[in-house]
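Just below is one structure, and these are the notes that go with it.
Bear in mind that the values in this text are calculations on the coordinates, not laboratory data. As the structure is a computational prediction, the values presented were derived from the model and not from experiment. Please note: Cβ atoms are built from the backbone with ideal geometry, for glycine as well, and neighbour counts cover all protein chains shown.
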Amino acid sequence: MNNLPKRVWVLISAVSLADAGLLSYLALTRKVDFRTALVFGFFILIAEQFPVRLPLGEGSVSVGFVLMIACVIVAGPVEAGIAGAFGFLTIRGARKVALPRHMFNAAELSLATTLAGLTYAAIMSEPFRRASDAPRVLAPILVASLVQFLVNAGLVALVVTFARGGRLTDVWRAQFMYLLRGYIAFALLGVIMATLYVEMGIGSVVFLLVPLLVARTAFQSAVEMETAYEATVRSLIKAIETKDPYTRGHAERVARLSEMTARAYGLSAETCRVIRYIALMHDVGKLGVSTTILAKPGKLTDEEYEHMKQHPVRGYEIVSEIDFLKEAAETAVRHHHERMDGRGYPDGLVGEQIPVIARIVMCCDAFDSMTSTRVYRKAKSIEEAMTELHRCVGTQFDPESLAALEKAIAREGWEAEPEHGEEETAVVAAAL
């Protein structure tokens with residue numbers, strides 16, 4: 001507990017003080033229905049015992065969000081904030097989780113829900129009294145849900161970044177972006193629960209909670225499948241890096257670059273998510289290339305080069321039989337060494353014949369290769385690599401993909417990393 005970075009403690013303290021201060025101020029300036037707050041809090045606590053675990057083990061979400069939204073509608077921001085604080089605890093993990101994490105979870109859930117309640121109250125002029133009021137609360141509650149999602153997910157992503165390092169944007173995209181649609185669906189269920197509550201009373205909460213927990217099981221299955229996909233891909237990548245240590249980390253960097261570039265290109269959020277997997281797999285065919293050729297320090301012979309040129313086809317053969325990787329096999333895995341002028345391999349595709357995703361991966365692959373030290377040459381600077389890419393634009397690289405890569409780096413930044421082989425060489429030299 002004492003090993004937490006100072007900035008994590010500062011964030012926990014700031015969120016806790018902000019939540020306590022806001023709730024105290026609101027409680028002093030308006031009438032609060034503590035009974036309703038505690039009733040909803042109790043049911044939120046029950047719902048929290050069945051959370052949906054996020055990929056990579058970074059936190060969870062639960063159907064308790066539906067109850068928080070219902071409380072926002074039928075009670076108010078203070079009641080919802082108090083009830084939301086009950087969403088911090090799972091009985092099974094109570095002893096395993098450190099006290100600072102409990103403090104943070106309770107405070108950030110309460111703060112996010114209170115702010116959502118204030119947003120809803122600012123938009124809605126009249127209270128929700130009967131079922132016929134449901135249609136007019138839809139738009140305000142969607143806005144309030146978006147506020148709750150952004151504050152909740154943003155604070156969790158921030159504390160994970162502070163505690164474990166890495167980039168905030170990477171944590172956000174990996175853990176939360178694909179959950180937004182689920183939050184919107186849960187918000188609509190919250191309206192239904194609020195409607196049943198005002199018509200039937202507290203018994204309606206029990207009536208709706210059971211099917212919600214069934215829906216939670218399907219949601220968890222989707223997240224677990226996503227995690228399994230990631231694990232499958234990464235196991236293949238580890239096999240490649242074991243065989244070719246001089247490209248260790250290359251696939252991860254190309255995946256990050258390709259996802260950044262796809263966003264800058266204007267591709268859909270789903271395509272940007274898919275391209276990460278595709279880019280991770282682009283060199284899987286190297287499993288079928290001789291280790292002697294991969295590690296050769298000098299120029300390859302014509303025969304060796306022809307052998308190396310088979311790796312896109314071998315990669316295609318490896319992954320094309322795996323259902324969720326078929327798109328990867330048919331785009332970047334097979335075609336990431338094509339050229340715009342048709343002189344690439346293995347199929348000699350020309351210009352627009354090359355899939356857009358493959359064109360993006362081509363640029364990112366070449367950029368990372370040039371800015372990383374390999375066994376046969378030292379790394380170029382980012383500026384030198386860009387100059388080389390521009391020299392070959394139109395003949396080897398797609399101009400639109402290159403422009404998107406430049407835009408992505410300018411917008412999100414990029415720091416070239418040394419390859420594993422370079423680091424090992426430096427250590428050996430120092431020891432000698």
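Brief remarks on what is shown
- The packing ranking of peptides 136-145, 334-343, 354-363, 78-87, highest mean first, is 78-87, 354-363, 334-343, 136-145, where packing means the average number of other beta carbon atoms within 10 angstrom of each residue.
- The stretch between His390 and Lys407, if pulled fully straight at 0.36 nm per residue, gains 4.7 nm over its current Cα-Cα span.
- Simple spin-label estimate for Asp302 and Glu400 in nanometres, 7 Å along Cα-Cβ: 3.8
- Computed extension length for Thr292-Glu270: 4.0 nm, one decimal, from 0.36 nm per residue of separation with the Cα-Cα distance subtracted.
- Efficiency of FRET between Ala20 and Phe207 - r from beta-carbon atoms, R0 22 angstrom, step 0.05: 0.05
- Extension gain for Leu168-Gln310 works out to 47.3 nm (0.36 nm per residue, less the C-alpha to C-alpha distance).
- Note on Lys309: lysines with a C-alpha under 28 Å away, same-chain residues under 8 apart excluded, are Lys238, Lys243, Lys286, Lys296, Lys299, Lys326, Lys378, Lys380.
- Separation of segment 25-49 from segment 139-155 is 19 Å, based on Cα centroids.
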